Amino acid sequence: MTSWSPDKQYSDRERWICIYPAYINSKKTLAEGRRVPKDKAIENPTYQEIRDVLSAAGMKVGVENKMYSRERSKELLYIGRIRVQLKNDDGTPLNSDFPTRNSVMLHLCTMIPKLKTRQGKSGAGDHGSQSGGGSGGGGSKKKGKGRR
């Protein structure tokens with residue numbers, strides 16, 4: 001007996017595909033869950049960015065407060081799962097531009113860097129890494145115990 005039955009339609013949220021930010025994160029390895037080529041992946045995407053891009057593309061999107069099983073960090077940055085409807089109830093693609101899960105992920109990799117919040121973040125991201133470097137500098141004051 002199969003798990004799919006005629007009463008389970010593609011429009012049911014449970015049948016929608018799941019996308020975790022880790023799938024398109026350039027900071028992740030394949031073993032950590034990245035599913036797109038590293039040269040196409042983007043740095044630390046959030047579920048909000050994924051939701052915004054897919055909504056703008058006219059896709060039916062749902063957000064769930066779930067964590068990716070391979071994610072080691074419990075930070076809020078890494079929490080969130082997006083569900084996307086790919087197919088109509090008859091099995092045809094809902095949007096001909098996105099017939100597959102992979103096509104959706106590659107679209108995300110193209111569009112997320114173009115978001116206004118991302119373009120504003122480039123300065124903030126640099127600032128964040130500088131403050132991270134500052135805390136690393138604080139570690140060096142401990143005679144190098146914090147260094148690797």
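Quick look at the numbers
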| read-out | value |
| --- | --- |
| Dipole magnitude of the range 17-117 about its Cα centre (Cβ charges: Lys, Arg +1; Asp, Glu -1), debye to nearest 20 | 300 debye |
| Gain in span if fully extended, SER73 to GLU43, counting 0.36 nm per residue against the direct Cα distance | 9.2 nm |
| Nonlocal amide H pairs with LYS66, under 5 Å, H built at 1.01 Å | GLY80, ARG81 |
| Set LYS66/LYS114; LYS66/LYS87; LYS28/LYS60; LYS40/LYS114; LYS87/LYS116; LYS40/LYS60 screened for pairs whose C-alpha atoms are more than 20 Å apart | LYS66/LYS114; LYS66/LYS87; LYS28/LYS60; LYS87/LYS116; LYS40/LYS60 |
| Distance between the range 95-110 and the range 17-59 - C-alpha centres, whole angstrom | 11 Å |
| For the range 17-117, share of DSSP beta bridges that run antiparallel, in % to the nearest 5 | 90 percent |
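Every number here is computed from the coordinates shown, using simple stated rules; none is lab data. Since the model is a prediction, treat every value here as computed from it, not as a measurement. Heads up, the Cβs are rebuilt from the backbone with ideal geometry, glycines too, and the neighbour counts pull from every protein chain shown.
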